[in-house]
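Accompanying notes for the structure given below.
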Amino acid sequence: MDPHQLLTTTRAVRKRLDFDRPVSRELLLECLEVAVQAPTGSNSQGWQWMIVTDPEKKKVIGDYYRQSWYPYASSRGARYEEGDPRRKQMPRVASSAQYLAERMHEVPAMVIPCIEGRVDRPGVTNLEIAGLYGSILPAAWNFMLAARARGLGTAWTTLHLKYEKEVAEVLGIPYERYTQAALITVGFHDGGEFKAAERIPLEPIVHWDTW
């Protein structure tokens, strides 16, 4: 596919994920080779990538994810005006997110992008926060685009981070040194068409020279 199609049709794959087909180590590494071509602050390349395929560890992480999901799902959440595309999309998004939460432990692979450093301490500045996450999120998105180009489906999730320290202990991640940025689910999908999503218009969100 051309770059425009790749960038506009990389969607979160939840209900269309093939939970029974494994993803090879070689294919995941191929996607990571693309991921680490992303820019990183001061060329520090402080990223680490935790890949989880062990069923027992996936089960534990899935349990933590669900413990975070249910309170989140029962909260009031955002409310949108009539005619806002987000209002129309919310029931479908909520349904697919619920489906993934219930089957999180079955996903073929979990990829947890980590970055050296922590910003969850008193006195941290916005500059430090931006630098830390700005050095891992582009690489994580590169990974998801590379996966899409190779016939894989991914979904960006963060709810396990409520239990980041506990998950770090399960996986042996040095919690004091490395921040987990997300949990990306990875697997083949059932095919079909992927389309660009309906988004809010640019006019109210773009500002030229002044707000």
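Laboratory data are not the source of any read-out in this text; all were calculated from the coordinates shown. Since the structure is predicted, the reported quantities are computational estimates derived from the model, not experimental observations. Glycine also receives a Cβ, built like all others from the backbone with ideal geometry; neighbour counts cover every protein chain displayed.
The residues in the range 159-209 that are closer than 22 Å to L137 by Cβ, in contact with a Pro (Cβ under 8 Å, 6 or more places away or on another chain) and in a strand (DSSP E or B) can be counted, and the count is 4.
Would you check if there is a residue in the range 31-43 being over 30 Å from G117 (Cβ atoms), in contact with a helix residue (DSSP H, G or I) (Cβ under 8 Å, 6 or more places away or on another chain) and surrounded by 12 or more Cβ atoms within 10 Å (Cβ to Cβ)?
no
Residue count for the range 146-170, restricted to those that are in contact (Cβ under 8 Å) with a residue 24 or more places away in the chain, among the aliphatic types (A, V, I, L, M) and buried (at least 19 other Cβ atoms within 10 Å of the Cβ): 6.
Given R118, R25, R66, which one is exposed (fewer than 12 other Cβ atoms within 10 Å of the Cβ) and either without any contact (Cβ under 8 Å) to a residue 60 or more places away in the chain or in contact with a strand residue (DSSP E or B) (Cβ under 7 Å, 6 or more places away or on another chain) (or both)?
Answer to the selection: R25.
Report yes if A181 is under 24 Å from T10 (Cβ atoms) and either free of Cβ contacts under 8 Å to residues at least 24 places away in the same chain or surrounded by 21 or more Cβ atoms within 10 Å (Cβ to Cβ) (or both), otherwise no.
Numbers: under 24 Å from T10 (Cβ atoms): yes; either free of Cβ contacts under 8 Å to residues at least 24 places away in the same chain or surrounded by 21 or more Cβ atoms within 10 Å (Cβ to Cβ) (or both): yes.
Considered against the rule, which asks whether it is under 24 Å from T10 (Cβ atoms) and either free of Cβ contacts under 8 Å to residues at least 24 places away in the same chain or surrounded by 21 or more Cβ atoms within 10 Å (Cβ to Cβ) (or both), A181 comes out as yes.
Annotation: R121 fulfils all but one of (1) under 18 Å from L17 (Cα atoms); (2) among the basic types (K, R); (3) part of a loop (DSSP other than H, G, I, E, B); the unmet one is (1).
Residues that are farther than 16 Å from A12 by Cβ and in contact (Cβ under 8 Å) with a residue 40 or more places away in the chain within the range 121-145 comprise G131, L132, Y133, G134, S135, I136, P138, A139, N142, listed in sequence order.
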